[in-house]
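Below: the structure, in structure tokens.
The values are calculated or read from the model by the stated rules, or taken from the named source; none is laboratory data. Remember, it's a predicted structure, so these values are computed and weren't measured experimentally. Note that each Cβ is placed from the backbone with ideal geometry, even for glycine, and that neighbours are counted across all protein chains shown.
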């Protein structure tokens with residue numbers, strides 16, 4: 001029996017677990033992968049757009065010698081937070097069902113590779129903090145499922161002296177193109193917009209623009225992908241249809257959260273944008289006692305929720321629940 005089951009051990013989920021502890025509530029965090037699983041799968045050399053203090057949770061200082069922390073530092077920091085607060089985090093256990101029973105308690109079913117039977121937990125409340133990195137926004141073009149096509153970029157070494165097509169025009173695409181270029185690859189950007197996105201990191205923007213200008217990174221703007229073959233990407237742009245040679249293709253077109261469990265639990269989900277119904281003052285959904293926090297509150301517009309603002313959602317949700325349970329500080 002728990003007061004709260006928190007689903008997702010990203011920064012938002014961990015911050016909620018810390019808030020629960022501060023209110024004297026029993027909470028367990030269930031994570032289908034490793035701790036801060038999304039951050040783990042970011043590009044290996046990624047540098048954040050933010051400063052260390054804006055990634056802090058629980059008041060624990062994020063000490064870094066850099067103005068902008070990198071992925072490795074963030075993984076180290078959130079491990080330290082988990083240990084410092086003694087958070088109950090169960091890794092590699094996937095939640096398979098959430099149900100609010102007639103007695104008002106939630107039954108949360110999960111599966112662990114080490115267990116032969118499903119694990120069943122009871123809780124007064126559930127907080128979903130599953131992020132928005134699981135489901136890529138698909139192009140829905142022929143060849144998108146080919147083995148040399150990926151919606152996630154990790155590292156550049158395997159692309160040495162090879163031609164790579166990168167679809168997208170924001171931070172992920174620009175940084176992947178620069179990374180591959182500096183590792184001796186031959187990247188080509190394809191973007192449906194007429195220019196790179198304005199939200200590109202200020203230290204990346206002039207770099208990628210200069211590389212495009214000198215021809216080190218080729219770029220096709222106002223261009224859409226029509227088809228992907230094992231050796232080429234067929235595109236349609238201002239000059240008509242053309243074929244780009246590619247040994248690998250990255251479709252860095254954004255991501256969205258998985259709302260299937262929310263729907264199954266009775267949460268109303270906006271049909272177009274995919275955002276779960278919730279009270280913005282408390283983050284409680286239309287199902288009493290079930291909260292959504294972090295990037296998963298925004299549906300397809302997950303890009304507007306970052307660690308900097310999502311880290312506070314859990315405090316609000318837990319404070320609301322604590323008040324209802326009569327244990328408000």
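Determine which member of the set 226, 233 is over 30 Å from residue 317 (Cα atoms), crowded, with 19+ Cβ neighbours inside 10 Å, over 23 Å from the mean Cα position of the chain (by Cα) and in the same structural domain as residue 175 (by TED's automatic domain parsing).
233
Looking at 14, 25, which one is in contact with a strand residue (DSSP E or B) (Cβ under 9 Å, 6 or more places away or on another chain), crowded, with 19+ Cβ neighbours inside 10 Å, touching a residue at least 40 places away in the same chain (Cβ under 8 Å) and part of a helix (DSSP H, G or I)?
Going through 14, 25 in turn, the sole match is 14.
What is the residue count in the stretch 198-215 for residues that are touching a residue at least 24 places away in the same chain (Cβ under 8 Å), farther than 14 Å from residue 166 by Cα and surrounded by 15 or more Cβ atoms within 10 Å (Cβ to Cβ)?
Selection size over the stretch 198-215: 6.
Which one is nearest to residue 214 (Cα to Cα) among residues in the stretch 141-177 that are over 22 Å from the mean Cα position of the chain (by Cα) and assigned to a helix (DSSP H, G or I)? Walk me through it before giving the result.
Restricting attention to the stretch 141-177, the residues satisfying the condition of being over 22 Å from the mean Cα position of the chain (by Cα) are 141-143, 146-148, 157-165.
From the residues that got through so far, the ones that are assigned to a helix (DSSP H, G or I) too are 157-159.
Numbers: 157: 22, 158: 24, 159: 20 Å.
Among those residues, the one meeting the criterion is 159.
Among the residues that make up the stretch 113-125, is at least one of them touching a helix residue (DSSP H, G or I) at 6+ places or on another chain (Cβ under 6 Å) and assigned by TED's automatic domain parsing to the domain that holds residue 293?
Taking every residue of the stretch 113-125 in turn, at least one turns out to be touching a helix residue (DSSP H, G or I) at 6+ places or on another chain (Cβ under 6 Å) and assigned by TED's automatic domain parsing to the domain that holds residue 293.
Residues of the stretch 252-268 being buried (at least 16 other Cβ atoms within 10 Å of the Cβ) and outside any loop (DSSP other than H, G, I, E, B), which ones?
Hits for the stretch 252-268 are 255, 256, 261, 262.
Can you tell me which of 187, 142, 156 is more than 30 Å from residue 14 (Cα to Cα), surrounded by fewer than 16 Cβ atoms within 10 Å (Cβ to Cβ) and outside the structural domain of residue 289 (by TED's automatic domain parsing)?
None of the others qualify; the one that does is 142.
Picking from 101, 115, 125, which residue would you name as being in contact with a strand residue (DSSP E or B) (Cβ under 7 Å, 6 or more places away or on another chain) and surrounded by fewer than 16 Cβ atoms within 10 Å (Cβ to Cβ)?
101
Can residue 299 be described as in a loop (DSSP other than H, G, I, E, B), crowded, with 16+ Cβ neighbours inside 10 Å and at positive phi?
No, not satisfied.
Within the stretch 105-114, can you find the residues that are free of Cβ contacts under 8 Å to residues at least 24 places away in the same chain and assigned to a strand (DSSP E or B)?
Once the filter is applied, which keeps residues that are free of Cβ contacts under 8 Å to residues at least 24 places away in the same chain and assigned to a strand (DSSP E or B), the stretch 105-114 yields 107, 109, 111.
Take the residues of the stretch 115-137 that are assigned to a loop (DSSP other than H, G, I, E, B) and in contact (Cβ under 8 Å) with a residue 12 or more places away in the chain: which is nearest to residue 230 (Cα to Cα)?
Selected residue: 137.
Residues of the stretch 284-296 being surrounded by 16 or more Cβ atoms within 10 Å (Cβ to Cβ) and touching a residue at least 60 places away in the same chain (Cβ under 8 Å), which ones? Please lay out each step first, then the result.
Taking the stretch 284-296 as the starting set, the residues that turn out to be surrounded by 16 or more Cβ atoms within 10 Å (Cβ to Cβ) are 284-285, 287, 289-296.
Listed by number, the residues that qualify are 287, 289, 290, 291, 292, 293, 294, 295, 296.
Does any residue of the stretch 55-65 turn out to be at pLDDT below 95, over 18 Å from residue 294 (Cα atoms), buried (at least 16 other Cβ atoms within 10 Å of the Cβ) and assigned by TED's automatic domain parsing to the domain that holds residue 108?
yes
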